[in-house]
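To start, the structure under review is shown below, and the notes come after it.
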Amino acid sequence: MIKVVKFGGSSLANAGQFAKAGDIIRADERRRYVIPSAPGKRNDKDTKVTDMLYACYAEAEAEEDFKQKLKKIKERYDSIINGLNLKISLEEEFKIIAENFKNKAGADYAASRGEYLNGIIMAAYLGFEFIDAAEVVCFNKSGEFDADKTDRILSRRLKKCERAVIPGFYGAREDGTVCTFSRGGSDITGSIVAKAVRADLYENWTDVSGFLVADPRIIKDPQVIRVITYRELRELSYMGASVLHEEAVFPVRKAGIPINIRNTNAPEEEGTLIVENTCHHSKYTITGIAGKKGFVAVNIDKDMMNSEVGFCRKVLTAFEQNGISFEHMPSGIDTMTVFVHQEEFEGKEQQVLSAIHRLAEPDTIDLEADLALIAVVGRGMRAMRGTAGRIFSALSHANVNVKMIDQGSSELNIIIGVKNADFEAAIEAIYDIFVKTQL
């Protein structure tokens, strides 16, 4: 059995956290490939190393003296090295970085050094081989990730390597120019490595004990989801739930490799297992609740709309022409509603309304702003009658007015629209009816 393990920035923020990660890796000899992030915050007032690197490079790019900022970054790494009693020095590495900053190697190069340097330390600490991600993670000339080429090169390289550390977050074009994924991209690297070695499990170690049923900023001590499918995760992530980088799912999902979200500070806890499919019954009818604020509902009425071929297309063309994507589109016989992000819509609302009138000739158009969308997700809803009724009942008791409800044909999720002001109360009510009452 092969396990690929990725550690987030909070898990490697200082020497103490590094030691915890080392103990976790050594506790299971199947943990053979390690993907480190850059050091994260050591406390609430601290700064992530990636942000320090961006700030340092900004000074270099402006041709200001950046050496003091770079010295502070080196001190962060030296404190980890000294805390682990390692006999290595990053002096030469920092000389190269300073020279490349001076020559304006690019913001991607600057940001990638956080993972690169942490990878060197991790490899020395574990006695594993260090593999620079720039040699095995490939981007094309346009800066887009080349999945097939990466899989070929990485598979070939790791076949010859029993145990290795591969830094997360970055790779390189053919000419050697460093490219990065979006922030949080170390999750993606871990997924890519897991696919390349045909791992049995991809463990993603972070500072939470798995994926939670609801946002802990709204619900006090929410329950942990023990098993979740990729489709459920996708629905919840899309609506704002965040533990894993969204793009990290695709490589392992394609290969049928489960992901285990674990807590570096509580390694005894099982965390959340993310799988393609399962016969495992969820403890509750729902798997999770997530949502976002800041939507506008554009309500369009027209008599005999249902018999007019292409009406919806005409309406959506008005949004497309103005570069606005829609979130949901519930409809009736003579009405349809388009939910869009308020921030995107506000600056272009009159152009969109004019275009709808011109293209679709509706009878009336109404706008309702300051709305929130909440997704109630769960594979268990398919087998349970009355889920929507329980949601309505819970919201009614909480004095929350429902503006919209939309259920997909997969019966995997129900989307509810409420006022922004009712967002937290709605999530609390739904959590209470489906989770608390079953405890």
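The values are calculated or read from the model by the stated rules, or taken from the named source; none is laboratory data. Remember, it's a predicted structure, so these values are computed and weren't measured experimentally. Don't worry about glycine lacking a Cβ; one is built from the backbone with ideal geometry, like all the others, and counts go over all protein chains shown. Note: accessible area is taken over every heavy atom of the protein model, side chains too, but ligands, DNA and RNA are not part of it. Shrake-Rupley method; radii C 1.70, N 1.55, O 1.52, S 1.80 Å.
A few notes on this one:
- Stokes-Einstein diffusion for the stretch 1-80, with the hydrodynamic radius set to the Kirkwood value over Cα pairs and evaluated at 25 °C in a medium of 0.890 mPa s, equals 175 µm²/s.
- Within the stretch 97-111: backbone nitrogen closer than 13 Å to the PHE130 label point (7 Å, Cα to C-beta): 97
- Here is how the number arises for the chain: DSSP H runs of 4 or more residues each give -39500 (n - 2.57), the sum is divided by the residue count, and the result at 222 nm is -11500 deg cm²/dmol.
- For ASP370, the amide hydrogen comes within under 5 Å of the amide hydrogens of PHE295, counting only partners 5 or more places away or on other chains and with H modelled in the peptide plane.
- At least 27 Å along the helix axis (C-alpha) and Kyte average at least -0.5, DSSP helices within the chain: 107-126
- The amide H of VAL208, built 1.01 Å from its N in the peptide plane, has THR264 as neighbours under 5 Å, considering only residues 5 or more places off or on other chains.
- The stretch 368-408 shape via C-alpha gyration tensor axes, a/c threshold 1.5: oblate
- Exposure ranking of MET381, MET1, MET52 by accessible area [1.4 Å probe, largest first]: MET1, MET52, MET381
- Stretch gain in nm, segment LYS149-ARG226, where the contour uses 0.36 nm per residue and the Cα spacing is subtracted: 24.3 nm
- ARG385, ARG262, ARG152, reordered so the largest accessible area comes first (probe 1.4 Å): ARG385, ARG152, ARG262
- Potential lengthening between ARG26 and HIS280 on full extension [0.36 nm per residue; Cα-Cα distance subtracted]: 88.4 nm
- Cross-link reach list, lysines versus LYS302, counting only Cα pairs under 17 Å and skipping chain neighbours closer than eight places: LYS314
- Above-threshold pairs, the threshold being 26 Å between Cα atoms, out of LYS3/LYS71; LYS102/LYS149; LYS195/LYS293; LYS283/LYS403; LYS74/LYS195; LYS6/LYS87: LYS3/LYS71; LYS102/LYS149; LYS195/LYS293; LYS283/LYS403; LYS74/LYS195
- Order by protection proxy (mean Cβ within 10 Å, highest first), peptides 159-168, 315-324: 159-168, 315-324
- Taking the centroid of alpha carbons for each part, the stretch 263-297 and the stretch 104-122 are 32 Å apart.
- Difference of contour (0.36 nm per residue) and Cα-Cα distance, GLN351 to SER331: 4.9 nm
- Relative contact order (%) - criterion: Cα under 8 Å, at least six apart; region: the stretch 245-341: 23 percent
- Charge sum, other residues only, whose C-beta stays under 14 Å from GLU92's C-beta, Lys/Arg counted +1 and Asp/Glu -1: -1
- Normalised by the number of residues in the stretch 137-194, the average gap of Cα pairs under 8 Å and 6 or more apart makes the relative contact order 34 percent.
- Within a Gaussian network of the chain (alpha carbon springs, distance under 10 Å), most fluctuating of GLY256, GLY119, GLY389: GLY389
- Spin-label model distance (nm) - ASP51 vs ASP366, 7 Å beyond Cα toward Cβ: 4.4 nm
- Cα centroid of the stretch 348-424 to Cα centroid of the stretch 163-190, whole Å: 39 Å
- Peptides 83-89, 173-179 ordered by packing proxy, namely the average of other Cβ atoms within 10 Å per residue, highest first: 173-179, 83-89.
- Rounded FRET efficiency, nearest 0.05, which uses the C-beta distance separating GLU92 from PHE392 and R0 of 60 Å: 0.40
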